[in-house]
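Right, one structure below, let's go through it.
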Amino acid sequence: MKSIDLYNLKGKRVIVRVDFNVPLNERFEITDDTRIRAALPTIQKILSAGGSVILMSHLGRPKEGRDDKYSLRHLIPTLESKLHINVKFADDCIGEQAHQLADSLQPGEILLLENLRFYKEETKGDPNFAKKLALLADVYVNDAFGTAHRAHASTAIITQFFPGASLFGYLMQDELDHLEKVTTHAEKPFTAVLGGAKVSGKIEIINNLINKVDNLIIGGGMMFTFIKAMGGKVGSSLVEDELIETARQALEKAKANGVKLLIPKDVVAADQFSNDALQQICKADAIPDSWMGLDIGPETINEFTEVIIQSKTILWNGPMGVFEFDNFATGTKEIALAIATATASGSYSLVGGGDSVAAVNKYNLADKVSYVSTGGGAMLEYIEGKELPGVKAISEEKK
């Protein structure tokens with residue numbers, strides 16, 4: 001792996017692709033600075049090595065060009081407080097002002113470019129746009145694991161303009177090392193816990209993990225497609241009818257591979273999709289008509305907890321229920337606590353995906369698991385066995 005530790009950065013202008021796609025409130029204040037904190041070691045390394053830093057990122061999904069709601073200038077106060085240094089800002093990521101500010105950068109200084117996605121050329125992977133970004137710097141560093149699965153101009157195409165000078169940042173290295181540990185060197189028993197709303201977003205990872213894990217725990221809305229595939233009654237719970245056969249095949253594959261695929265035995269059902277809905281606990285395969293499952297039940301929590309506690313490697317992606325409703329958050333919280341308990345006893349745990357990360361943060365457990373990934377989609381695609389364009393571009397560039 002081509003690391004910034006192996007390159008002389010003194011006097012170099014280093015353009016770093018970071019993932020500063022952070023949540024902002026209505027006052028444009030950052031409500032979760034995890035991704036910014038994750039990028040600090042790479043930024044500080046470049047500065048301490050005598051280089052200057054040009055930061056580029058996207059924020060949100062601006063539809064039509066410039067939109068102040070998605071301006072990266074909102075991040076400057078947080079960046080300056082974390083780095084204890086003045087951060088210069090270019091109100092365009094390319095163009096004359098960006099060039100002037102980049103050219104005048106001195107060692108130890110930082111320049112933040114405006115949102116890359118104000119240009120459609122970014123997501124289209126346009127080489128001319130990538131070249132304009134590349135002209136600002138001497139060295140390219142990719143430290144944005146969260147976008148590594150995208151072949152965008154700033155994540156993959158840009159490397160062709162930095163022959164011999166395209167590097168991985170510390171965050172990217174960390175992510176890949178931890179994912180490698182889970183996918184290739186997992187200590188047994190290996191348990192994967194998958195939740196979230198839909199099977200459609202997880203079927204490839206399910207099929208890939210069935211070849212690797214000892215236990216595969218299914219929770220969240222996606223459980224009902226499996227329960228229906230097993231002949232159960234799920235009331236008005238979320239079901240992807242077109243994937244019932246796919247779920248049935250996954251159940252058969254798990255059985256053939258000797259993998260224990262655990263489906264919830266009971267659920268907390270609600271009479272409507274609301275935090276204030278009426279509740280009842282019922283068998284997961286016998287939910288009354290017009291009722292919907294919104295969380296896993298107590299029997300299921302006990303069974304899943306026991307399996308997790310006995311595991312040596314744990315991968316978690318996706319909540320067990322509608323955990324943003326406090327009245328249906330118990331399952332997600334208890335699974336998070338079980339993973340933290342297993343980790344305290346020496347197990348290795350990797351948590352990834354927006355909702356799972358939000359859950360460990362909500363319950364103050366981020367430092368109680370082995371590693372919290374910053375990339376949901378990128379993490380899933382890596383575990384599915386797919387090549388990530390942002391990784392491939394640098395890995396192949398050095399050959």
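The values are calculated or read from the model by the stated rules, or taken from the named source; none is laboratory data. Since this is a predicted model, take the numbers as computed values, not measurements. Positions of Cβ are backbone-derived with ideal geometry, glycine not excepted, and every protein chain shown enters the neighbour counts.
Checking the conditions here, which among Asp5, Asp19, Asp92 is among the acidic types (Asp, Glu) and within 22 Å of the chain's Cα centre (by Cα)? On inspection, the qualifying residue turns out to be Asp19. A residue that is β-branched (Val, Ile, Thr), assigned to a loop (DSSP other than H, G, I, E, B), assigned by TED's automatic domain parsing to the domain that holds Asn21 and surrounded by 17 or more Cβ atoms within 10 Å (Cβ to Cβ) occurs nowhere in the stretch 103-112.
This table checks each residue for (1) under 27 Å from the mean Cα position of the chain (by Cα); (2) assigned by TED's automatic domain parsing to the domain that holds Lys212; (3) modelled with pLDDT of 95 or more.
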residue	(1), (2), (3)
Gln279	no, yes, yes
Cys282	no, yes, yes
Gly293	yes, yes, yes
Ile314	yes, yes, yes
Asn317	yes, yes, no
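When Cys93 is tested against (1) more than 24 Å from Thr34 (Cα to Cα); (2) not in a helix (DSSP H, G or I), just one condition goes unmet, and that condition is (1). Restricting the stretch 335-393 to residues that are assigned to a helix (DSSP H, G or I) and among the acidic types (Asp, Glu), the residue that is nearest to His185 (Cα to Cα) is Glu381. Out of Glu175, Glu180, one residue alone is under 17 Å from the mean Cα position of the chain (by Cα), more than 25 Å from Arg66 (Cα to Cα) and without any contact (Cβ under 8 Å) to a residue 60 or more places away in the chain. It is Glu180. Screening Ile314 on (1) in contact (Cβ under 8 Å) with a residue 12 or more places away in the chain; (2) within 30 Å of Tyr348 (Cα to Cα); (3) outside any strand (DSSP E or B) shows it passes everything except condition (3).
State whether one or more residues within the stretch 65-77 are on the phi > 0 side of the Ramachandran plot and either touching a residue at least 12 places away in the same chain (Cβ under 8 Å) or not in a loop (DSSP other than H, G, I, E, B) (or both). Checked against the condition, which is being on the phi > 0 side of the Ramachandran plot and either touching a residue at least 12 places away in the same chain (Cβ under 8 Å) or not in a loop (DSSP other than H, G, I, E, B) (or both), the stretch 65-77 yields at least one hit.
For the stretch 1-47, residues that are closer than 16 Å to Asn361 by Cβ, of a type in the set (Ser, Thr, Tyr) and part of a helix (DSSP H, G or I) total 1. Of all residue pairs spaced 6 or more apart or on separate chains, those with beta-carbon atoms under 8 Å, a first member in the stretch 273-291 that is hydroxyl-bearing (Ser, Thr, Tyr) and a second member that is outside any strand (DSSP E or B) are Ser274/Phe325; Ser290/Gly235; Ser290/Ser236; Ser290/Asp271. Looking only at the stretch 116-152, residues that are under 24 Å from the mean Cα position of the chain (by Cα), farther than 20 Å from Leu171 by Cβ and not in a helix (DSSP H, G or I) come to 2 in all.
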